[in-house]
Each structure stands twice: as structure tokens, then as C-alpha cells.
There are 2 protein chains.
Amino acid sequence: MGITQRKEREKEAMRQRILDAALQLFRERGYDGVSIRNIAEAIEYSPGTIYLYFKDKSELFFALQFEAAALKRDHLMPVAGIEDPWERLVEFGRRYIDFGMKHPDMYDLLFITRAPMEYIENQECWQLGLATHSFFVETVQACVDKRYFRSTDTETIAYTLWCHAHGLVSLFIRERMRMYPEEKREALAQKSFTMIVKMAESL
Amino acid sequence: MGITQRKEREKEAMRQRILDAALQLFRERGYDGVSIRNIAEAIEYSPGTIYLYFKDKSELFFALQFEAAALKRDHLMPVAGIEDPWERLVEFGRRYIDFGMKHPDMYDLLFITRAPMEYIENQECWQLGLATHSFFVETVQACVDKRYFRSTDTETIAYTLWCHAHGLVSLFIRERMRMYPEEKREALAQKSFTMIVKMAESL
DNA sequence: AAAAATTAATGAACACTGTTTAGTAAAAAT
DNA sequence: ATTTTTACTAAACAGTGTTCATTAATTTTT
């Protein structure tokens, strides 16, 4: 009964074709700029076909979010090899910001875009994101354990650092830094990262 | 020739009626959840009428953003009365976050929502926001002048603090704190604010 | 191998969106 | 009283997400 297996493979392949097309279009024109019809056209199928593979646009969105989460993990997790927790933490932060700057659409998808979040929590992408977040918190915990900070409130430290990094990236990619000349923005972000690292050192 | 004046008054009144209806609907259902037809229905006019007062939906958006900017200014500017720059800065930060938490839609409109930002810069709302931002930077400068910080890089200090506050608010209102139980979120935000203040003290 | 059943894909339809425009009725100016 | 200006409307256009009856192809059963 190899037919059912082949069918399943084909179904999976189709799903992936839709996702690939959606992801590409999405990168080019942003999430709202892409319609189901656009995606259908890209893969040379009718709009209705999309709905045989995804319940609605938001499910397609979640699938894309999963891809984004995987991309982010691949961007961040190499730092797991860094022995010293403080160095690991700093490099994690640097890479987090770097990910946001290099893949603004992906970052947007993960951390800014409005989505029915109550539905997402038992979704693969959320699990993936949660794992990366846990790794971050554990790194902070390792720093606390090694007395890199005076404070021992791991949760608040982690959250505070995250707030800064997220604020930095999201102000940048949602164009709320227009009071600074364009060529200075990245440098300012860089300086701010250095500053928060210094601030954290004396925590 | 009192007629032209009356006409002008009426035109202004109509504009305001549209804005009021839009703002109310927007608060209830969010920006994307409100259509031009919805607004038209609310004021009992045809959709086309809206376009006699606003070039397009984005101009209506900018007008709303202006209202939001004014609300924010009213929420923040009372701190101008605080003599000591450090106390003023801390209170400014507290109120900034408080504004975001209390008026998430307004905050969203000002700092998160995607909009054609290149067009906005010579708009009233941008000027208003810029003024508030300048006040913030000046307060930081006053702190620098009075040697509240070791660092003298006013621009980076201000930007770093802004990043933290914006990150805090936007993670909250875009529901990216779901890894923390709901009843703990506000307390965590509170603790993080206290922490960044402590961190800033030793800058 | 032929007929029946299952599956995949379609394309038209529905109710919505932002926006434009020809036409109309009322008000103002002549 | 007639012309001009103004304010507004209704219909239309091209787009959106989504559903569904129908069709075409494939697989299963006879």
C-alpha cells in the first residue's frame, strides 16, 4: 500500500510549495501585501486550492511564523557553543538584534504582527520560540549563578534585556527613528547595545 | 460675508464628526477592523462623503495619530513641572509606560502601526511627537549636565532608555508576554522599570 | 477491464474592502 | 428667476478572504 504514502508525500510537497511561494511573496511585499490569490497565482493553482491545505490565511500565517522561528533559532543557537555565560549572553543579544535587522519581515511576523495569539500557544512555532526564549533565560540564570550580576532576579534581568533588544529592533523596522538621520541609525543602535551591555555589567 | 465663515465652521465640524466616529470605532475594533463604510454608517453619511474631507484612509489615520499624539502629550507633559531632572526623567518614563498600558490602541497607532512614514514627517502629529521626544532628550541632557550619569553621550542614553520603554510596552500590547502568566505581567513590567532606573543610575 | 468511489482542483459566487466618479438636489450668487 | 457653486449620494471598479457545487483525475472495487 505505497500509494497512501506517496499521496501523503505529495500533499506535504504541495503544502511546502504553498509555503515557499507565500514566504517569498511575503518577503517581497510584506504580509498584508500578499493575498491568497497572489499565492495561488504564484504556484499556478486556483485560490480555492490553498484552502485544501490551510484552513485559512491565519493558519498559513502560523506556518510561516514557524519558518521564521526556525530561521531565528538557526541564527541564534550557534552561541550555545560559547562556554562563558556572560560572553554567551552578549553574543546572543548581538545576534538577536542582527536577526531583526537582517530579516525585518521575519522578526515582524514573530514579535510585532497582530495575530490571534490565544490560538497560537499550542502551535509548533510557539514551542520553538519558547525553547529559544528558555535558552536565553537559562543563559541569564547561568550568569546569575556565576555572580556576574549583583541582582539575582533572573526573570526580571532577562525580561529587561529583552525589552531593550526588542524595542531597539522594532523602533528600527517600524521606522520610528526618523528623527535620527538614516546613516546614523545603525550606529546609534550599535552604541545602544554597547551601552546596555555596560549597564548590565553593573547590575 | 458671514456665509463663508459659517460654511467653514460646518466643514470643520463635519471633519471632527468623522474623526470622532473613527476614533471611537477604532478604539472598539482596532484600526484594521474599521472600514470607511463603517465610519460613514456611524455618522449616517455615504462612504463617498469621507473622501470629501480626507484624501484617503491614511490621511484619516494621520489625523487620528495627531489626536493620539495630543493625548500622549497631555499624559506626559505634567512632568515638566518637576524641578530635578533625574526625578523628572524617572517620572517621564513611568508615565510613558503608563500611557502605553492605558491606551494601547493609541500607542499602537503612534509607535507600531505600519504607515507611509516618509509622508508623515511634515505632518502636525509628527511635529507634536517630535516636541515630546525633544523634551525627553532635553531632560536626559539636563541629567548629563548635572552629572547624574558618568556617561555624557546624551543621545545614546536617551535612545537606550526609549528602547527599553518601547520594548516593554510593545511586547505587552502585542501579546508577546504569553510565557508569563497574565497576572504576573504587569508586576514584571513594573520590576523591569525599577531595574532599568537602577541601571541608569549607575550609567 | 469496467464501474464505482474517492480525491484533487477548479472557478464562480458571496460579502466585504478602499476609492472614483457621474449625477443630483440644495444653497448661494448673480 | 436664473445661473453657478457646493455637498452629497449611489453605483461602479478592482481588489480582498472564503465557501461550495461541479468537474476531472485517480484509486478501489467489482
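The values are calculated or read from the model by the stated rules, or taken from the named source; none is laboratory data. Worth saying up front: this structure is predicted, and the values here are computed from it rather than measured. Here Cβ is always computed from backbone atoms with ideal geometry, including for glycine, and neighbour counts include all displayed protein chains. The area values use the complete protein model at the heavy-atom level, side chains included, leaving out ligands, DNA and RNA. Shrake-Rupley method; radii C 1.70, N 1.55, O 1.52, S 1.80 Å.
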Q) What are the nm distances, shortest first, from A:ASP84 to its equivalents in the other copies, labels at 7 Å along Cα→Cβ? A) 3.8
Q | chain B: relative contact order in percent, alpha carbon pairs under 8 Å with at least 6 residues between | A | 19
Q. From the backbone phi of segment A:44-55, what are the Karplus-calculated ³J(HN,Hα) couplings (6.51 cos²θ - 1.76 cosθ + 1.60, θ = phi - 60°) in whole Hz, Gly and Pro given as x?
A. 6, 10, 7, x, x, 4, 3, 6, 7, 10, 9, 3
(Q) On the rotation axis linking copies B and A, which residue of B comes nearest by its Cβ, and by how many whole Å? (A) B:GLY167, 1
Q: Would you mind working out the magnitude of the charge dipole of the protein assembly as shown relative to its Cα centre, with +1 at each Lys and Arg C-beta and -1 at each Asp and Glu C-beta, to the nearest 20 Debye?
A: 140
Q.
Going 7 Å from Cα along the Cα-Cβ axis for the label, what nanometre distances separate A:SER151 from the same residue across the other copies?
A. 1.6
Q: In whole Hz, with x marking every Gly and Pro, tabulate ³J(HN,Hα) for segment A:98-114 from phi via Karplus 6.51 cos²θ - 1.76 cosθ + 1.60, θ = phi - 60°.
A: 4, 4, x, 6, 7, 10, x, 5, 5, 4, 4, 4, 6, 10, 10, 3, 6
**Q.** Set B:LYS102/B:LYS184; A:LYS72/B:LYS184; B:LYS7/B:LYS72; A:LYS184/B:LYS191; B:LYS7/B:LYS55; A:LYS191/B:LYS184 screened for pairs whose C-alpha atoms are more than 22 Å apart
**A.** A:LYS72/B:LYS184; B:LYS7/B:LYS72; A:LYS184/B:LYS191; A:LYS191/B:LYS184
Q: Summarise the partner chain shielding of A:178-186 as one whole number: the mean count of Cβ atoms from other chains within 10 Å of each residue's Cβ.
A: 2
(Q) Taking the 0 to 90 degree range and rounding to the nearest ten, how far is the long axis of helix B:57-76 tilted relative to the main principal axis of chain B, both from C-alpha atoms? (A) 40
Q: Using a/c under 1.5 as the rounded threshold, could you call segment A:43-101 rounded, prolate or oblate? The axes a ≥ b ≥ c are square roots of the C-alpha gyration tensor eigenvalues, and prolate needs a/b larger than b/c, oblate otherwise.
A: prolate
Q | Between segment A:75-93 and segment A:175-203, the Cα center-to-center distance that results, in Å | A | 20
(Q) Could you derive backbone 3J(HN,Hα) for segment B:160-166 from the dihedral phi with the Karplus parameters 6.51, -1.76 and 1.60 (θ = phi - 60°), listing whole Hz in sequence and x where the residue is Gly or Pro? (A) 5, 5, 5, 3, 4, 4, 5
Q: Would you work out what percent of the accessible area of the protein assembly as shown, with all protein chains in place, is carbon or sulfur (probe 1.4 Å)?
A: 51
Q) Looking at segment A:97-203 from every direction and averaging, what is the projected area of its Cα convex hull in nm²? A) 7.7
**Q.** Fluctuation leader among B:ALA42, B:ALA187, B:ALA21 - chain B, Gaussian network, Cα springs under 10 angstrom
**A.** B:ALA187
Q: Count, for each residue of B:188-200, the Cβ atoms from other chains sitting within 10 Å of its Cβ, then give me the mean as a whole number.
A: 5
Q | Shortest-first distances to equivalent copies, position B:MET101, nm, label 7 Å out along Cβ | A | 3.2
Q.
Among B:HIS103, B:THR156, B:SER58, whose Cα projects farthest towards the positive end of the dipole of chain B, with charges put on the beta-carbon of Lys, Arg (+1) and Asp, Glu (-1)?
A. B:HIS103
Q: Report, as an integer, the average count of C-beta atoms from other chains found within 10 Å of each Cβ along B:106-114.
A: 3
Q.
Taking just the alpha-carbon atoms of segment A:2-54, what radius of gyration and Dmax come out, in angstrom?
A. 12.1, 41
Q) Does segment B:1-137 come out rounded, prolate or oblate, given a ≥ b ≥ c as the square roots of the eigenvalues of its C-alpha gyration tensor, rounded meaning a/c under 1.5 and, failing that, prolate meaning a/b above b/c? A) prolate
**Q.** Heavy-atom accessible area ranking, 1.4 Å probe, most first, across B:TYR45, A:TYR53
**A.** B:TYR45, A:TYR53
Q: Please report Rg over Rh for the protein assembly as shown, where both radii come from the alpha carbon positions and Rh follows the Kirkwood definition.
A: 1.01
Q: Could you please put A:ASP32, A:ASP145, A:ASP98 in sequence from largest to smallest accessible area, using a 1.4 Å probe?
A: A:ASP32, A:ASP145, A:ASP98
Q.
Nearest 100 Å² is fine: what is the total accessible surface buried where chains B and A meet, probe 1.4 Å?
A. 4600
Q. What is the calculated FRET efficiency for B:GLU186 to B:ILE3, with r their C-beta to C-beta distance and R₀ = 56 Å, to the nearest 0.05?
A. 0.55
Q) Can you pull out the GluC sites (Glu not before Pro) in segment A:6-67 that DSSP calls coil and that have at most 12 other Cβ atoms within 10 Å? A) A:GLU44
